[in-house]
Amino acid sequence: MRIRSIVIVLSILALAQGFPAFATPRLPRSVLDVVPPSEDVIGPRGYMRTLDPQCLVWPTANLRRRIVDIAVQEWAFFGSHTVDLSNTGFNALPPNVGAAQGVTEQGAESTADLDPAMDTTIAGYWSATPDGASVLRTQNAYWYAAGGQPTRWAAPWSAAFVSWVMCQAGLGDPRQFHRSIAHRDYIDQAILARDRQDPFAAYYAYDLGEQMIEPGDLLCDSMVPAHYE
């Protein structure tokens, strides 16, 4: 089964609507077989380093379901926070496309504070990317300068999160999904995959409106205002 990509997971934002913000522990691995990201790093702030990522290569039969399950579990682990763009004038989708997909509300300014206890989780996301160790070295310098106290992350980690989800979902072969610290790398892979009809790539890129959006698709927009980058 090939996942259609419309060039991040809007369905997750939709699931977030109307739920309270409280942290939920991850499911036991006997229920959802996912290696917690914190197990892929070692050491305290200032000296933290990544271990070898435990990426999986699984059949794609239930891949969409697994991608969504893993992403939702992480969303719940961070407290099930929602975002709301209803009064900002910002639209992630053009109105005609949003209406065609049944999207009536688009949201997105998160008011959630970042919990320092999540440092090892976020560092674990970086471990799933080839350049994650380098990013973590930079972050260690920030922590070291701050005497080991919590600091903001020096680099945005959204692409690392997507890469970690794909790593755990079963797209461990880079021919299937190019894990990266930058969104553009796996978007470029999806564009080339469609052009070349690459039989290994899990994602093909489509313009909005070419395909129906389904859970597990990636939605990407290059025209995002600076405060949403």
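The values are calculated or read from the model by the stated rules, or taken from the named source; none is laboratory data. In this text the structure is predicted, and so the values were computed from the model without any measurement. For neighbour counting, all protein chains shown are included, and Cβ atoms are generated from backbone atoms with ideal geometry for every residue, glycine included.
Output the qualifying pairs, or none if there are none: Cβ atoms under 6 angstrom, residues six or more apart or on different chains, first residue in the range 21-46 and in a loop (DSSP other than H, G, I, E, B), second residue among the aliphatic types (A, V, I, L, M).
Thr24/Ala76; Val34/Ile70
Can you name every one of the helices (runs of 4 or more DSSP H) wholly within the range 122-222 that holds 2 or more residues which are touching a Phe, Trp or Tyr at 6+ places or on another chain (Cβ under 7 Å) and farther than 26 Å from Gly46 by Cβ?
In the range 122-222, the matching helices (runs of 4 or more DSSP H) lie at 183-196.
Would the range 135-151 turn up any residue that is exposed (fewer than 14 other Cβ atoms within 10 Å of the Cβ), under 23 Å from Asp221 (Cβ atoms), polar (S, T, N, Q) and at pLDDT below 95?
no
Tell me the residue from Gly43, Gly102 that is modelled with pLDDT of 95 or more and among the small types (Gly, Ala, Ser), please.
The unique qualifying residue is Gly43.
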